[in-house]
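In what follows, a structure is listed as structure tokens, so that the remarks can point back to it.
Nothing in this text is a laboratory measurement; each read-out follows from the coordinates by a stated rule. Here the structure is a predicted model, which is why all the values come from computation and not from measurement. Heads up, the Cβs are rebuilt from the backbone with ideal geometry, glycines too, and the neighbour counts pull from every protein chain shown.
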Amino acid sequence: MFLKRLLVKKPIAELEKETEEKEHTLRRVLGPLNLISLGIGAIIGAGIFVLTGQAAAQYAGPAVVVSFILSGISCALTALCYAEMASMVPVAGSAYTYAYVTLGEFFAWVIGWDLILEYLFGASTVAVGWSGYMVSLLKDFGILIPDWLSNSPLVLDPDLGWVKTGAVINLPAVLVILGATFLLVLGIRESAFINNLVVFIKILVLLLFIIIGVFFINPQNWSPFIPSNNGAFGHFGWSGILRGAGVIFFAYIGFDAVSTAAQETLNPQRNMPVGILGSLGVSTLLYVVVSMVLTGMVRYDRLLVPDPIAVAVDSTGYIWLSFFVKVGAVAGLSSVILVMLLGQSRIFYSMARDGLMPKKFALVHPVFRTPYITTVITGVVAAFLAGIFPIGILGELVSIGTLLAFVIVSIGVLVLRYTNPELRRPFKTPLFPLVPVLGAAISLLQMLSLPLGTWLRLIIWMFIGFLIYFFYGSRHSLHGR
């Protein structure tokens, strides 16, 4: 009986009925271009401005271009599964809702709790990076923010443990999260407009970099295109290309955030697949072209720096372009924060609607039609984490949390195809069952390649989640009674 309660599934018909309830209905205003913009806003951030240079310098050389293609293909397998699920289950909640429909309540809770690592911790991580770029940009205008107001007060030393840095709080990181939170409470239409504007700015900056950079490419910088392996696996050669693909996987995190806005989308059955696959396709193309131009402008062994694109710009002698690159980086990271916070608040909203979290989390603002309580809670917690902890600690759990979500969604597509073949599928994952099997397998392999310490932190995090579920969620569930 207890096991049956854990595995109770939520009928798709009930999900569709919920979307028609006026009291709890979110405002449907997002079209396909809005969704593609949301996806690009979440994907293009620190990855293209930081990881590109690091992956080229340490692992793949100019062949980092191939690493981006391989990682993009890996994500595309999962994106196709997300597209099928999003077209079938057009409500807020992303992988949490998909798991509830396919695998049962307990698995839904596991993925819902796990997604906090991707969205809430992800927003905090990016906010710390945003702070560094913003402080540098303001410095160019003669505005100096002291270290004690722009750094984490704590760092984790491998030998000494937690050590005080002398700083009080990372104030810029706190302020950008609170600003994004206010915007999300104000309304999805307003949030989408600002995101569209920010995405336009960062794409414009990247295109400017590409157009100018093409004239400064030295073909000799691409030779050898695949540097010889130095004797260690993952350091150049084909193994380096594979290692590079694993490292820059972080750069693709975010396309799944599109699916959290399904309940605010016009014609989600058609537009969700367009948003998910369109944003991933555009981002992959930009990643490949930017990395090609970058390694052509500057030899790969000079790119092991926090700001590789800035290094390439400096090599042109166009000092004014450096300013635009920083603006693009700030814009890029701003949109990532906005979309991550949006995704997390919608997941909490969906969990509350199912009784797994307090009912107040499901309240929708009578005027703005946004889940304002979950949005505020998400923003406050994310701001606290960003203000206190360093970027390394916050970022450790993001990748493993995302990969676990990818595994569950891919398995969910498999399960539904065999258990409910009669369900209407506006979008079907092609080459079934090869695509979902490969999507789950590759994500699982990437999880297994992560350090033991990351797994231990995931286990501790999930244990806390189990306690909350068994002492609160399972007792208040609307479906497991």
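Quick notes
- In the chain, excluding the sites themselves, the longest stretch lacking any of the chymotrypsin sites (Phe, Trp or Tyr not before Pro) that are in a DSSP loop with at most 11 other Cβ atoms within 10 Å is 234-481.
- Segment 61-131: GluC sites (Glu not before Pro) in DSSP coil with no more than 14 other Cβ atoms inside 10 Å: none
- Estimated FRET transfer efficiency (residue 363, residue 460; beta-carbon r; R0 35 Å; 0.05): 0.65
- In segment 2-476, taking the dipole from charged Cβ atoms about the Cα centre, the farthest positive-side position among 280, 123, 62 is held by 280.
- For residue 30, residues with placed amide H under 5 Å, excluding near neighbours: 265, 266
- Debye log10 I(q)/I(0) for segment 315-464, one point scatterer per Cα, at q = 0.09, 0.17 Å⁻¹: -0.47, -1.24
- Positive-pole candidate from 310, 364, 325, dipole of segment 309-377, charges at beta carbon: 364
- Modelled spin labels at residue 8 and residue 450, positioned 7 Å past Cα toward Cβ, are 3.1 nm from each other.
- In terms of surrounding Cβ atoms within a 10 Å radius of their Cβ, 66, 89, 168 rank from fewest to most as 168, 66, 89.
- Around residue 29: net Lys/Arg minus Asp/Glu count, Cβ-Cβ under 15 Å: +3
- Sequence-ordered 3J(HN,Hα) estimates for segment 278-283 from the Karplus curve with 6.51, -1.76 and 1.60 and θ = phi - 60° stand at x, 5, 5, x, 4, 5 Hz, glycine and proline given as x.
- Over the chain, DSSP H runs of length four or greater, each weighted -39,500 (n - 2.57), average out per residue to a 222 nm ellipticity of -21000 deg cm²/dmol.
- Convex hull volume of the Cα atoms of the chain, normalised per residue: 144 Å³.
- Whole-angstrom gap from segment 200-228 to segment 307-345, using each part's C-alpha centre: 16 Å
- Links that overshoot a 29 Å alpha carbon limit, given the list 139/202; 359/428; 360/428; 9/359: 359/428; 360/428
- Each residue of segment 197-207 was assigned a 3J(HN,Hα) from its phi angle through the Karplus expression (A = 6.51, B = -1.76, C = 1.60, θ = phi - 60°), giving 5, 5, 4, 4, 5, 6, 5, 4, 5, 5, 5 Hz with x at Gly and Pro.
- Top positive-direction residue, dipole computed over the chain with Cβ charges, set 150, 208, 86: 86
- Across segment 376-382, rounded Karplus estimates of 3J(HN,Hα) from the backbone phi angles (6.51 cos²θ - 1.76 cosθ + 1.60, θ = phi - 60°) give 5, 4, 4, x, 5, 5, 5 Hz, Gly and Pro being marked x.
- Relative contact order, percent, the chain [alpha-carbon distance under 8 Å, six or more residues apart]: 34 percent
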